[in-house]
Amino acid sequence: MNLYLRYFDKEALVGSADEAIAFLAGIDEIGMNQDLEHDIREYVDSAVVYPKRYKIRPRVYFIIIKTEAATMQDFKEKKAVRSHADDSIPQKDRFASNAIVKLNEERPGWYEGSIDFKRVLMVPGTGKFQYRDTHFVAQVKALSPLDCYNRIVEHLRPRVDDRSQFPSPKGKNFKYAYLGAAKS
């Protein structure tokens, strides 16, 4: 595991926390201290794989990225990008990518889709408009879960105010269940 460090136009690819600390200590604006050194070592030793950003002053940061790249050129060309089968990727992130794949998976048949969206309604007493959380459920003949979502939204759009807000199909406000294959 190597570390890519960048502060404005100064960058380095190093192999250990000690090398990273030495590189950062050579940049006066960063002001290396024991707390920062401890935090960097803790980040390097952790299982965390996402980039870490450190604030120097308002709107000024340096960044550390864990990478499998052996050279700076490999890093720049993204040759060491992690695969989804990598065990070091948090399980939550793997489930998110699986959910997206399942949304697009073609499985023609009947689906029961439920969508929670923000519907614009007029308040009768005042004549003003407000958003109301609305739950809608429909059984739809579709090719995939994403097609189910699209058909539900296509059905609702002409029936509600244009300012109504529909959620992303990837989020928690759209749920579906496969009911079975459609009879030909």
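The values are calculated or read from the model by the stated rules, or taken from the named source; none is laboratory data. Please read these numbers as outputs of a predicted model, since none were measured by experiment. Cβ atoms come from the backbone with ideal geometry, glycine included; neighbour counts cover every protein chain shown. The accessibility values were calculated without ligands, DNA or RNA, using every heavy atom of the protein model including side chains. Shrake-Rupley method; radii C 1.70, N 1.55, O 1.52, S 1.80 Å.
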Could you tell me which numbered condition Glu105 fails, if it satisfies all but one of (1) modelled with pLDDT of 90 or more; (2) within 17 Å of Ala181 (Cβ to Cβ)?
(1)
Given the conditions (1) loosely packed, with under 13 Cβ neighbours inside 10 Å; (2) closer than 19 Å to Asp18 by Cβ, and given that Arg53 satisfies all but one, which numbered condition is not satisfied?
(2)
Which residue pairs have Cβ atoms under 7 Å apart, sit 6 or more places apart or on different chains, and have a first residue in region 60-74 that is in a strand (DSSP E or B) and a second that is among the small types (Gly, Ala, Ser) and surrounded by 13 or more Cβ atoms within 10 Å (Cβ to Cβ)?
Ile64/Ala20; Thr67/Ala80
Within region 17-48, the residues that are small (Gly, Ala, Ser), open to solvent by 40 Å² or more (accessible area, probe 1.4 Å) and either closer than 24 Å to Glu77 by Cβ or touching a residue at least 40 places away in the same chain (Cβ under 8 Å) (or both) are Ala47
Let me confirm something: among Tyr131, Tyr176, which residue is in contact with a Pro (Cβ under 7 Å, 6 or more places away or on another chain) and open to solvent by 20 Å² or more (accessible area, probe 1.4 Å)?
Tyr176
Taking region 133-160 as the region of interest, how many residues are assigned to a helix (DSSP H, G or I) and in contact with a helix residue (DSSP H, G or I) (Cβ under 6 Å, 6 or more places away or on another chain)?
2
Looking only at region 14-35, which residues are within 18 Å of Thr67 (Cβ to Cβ) and among the polar types (S, T, N, Q)?
Ser16
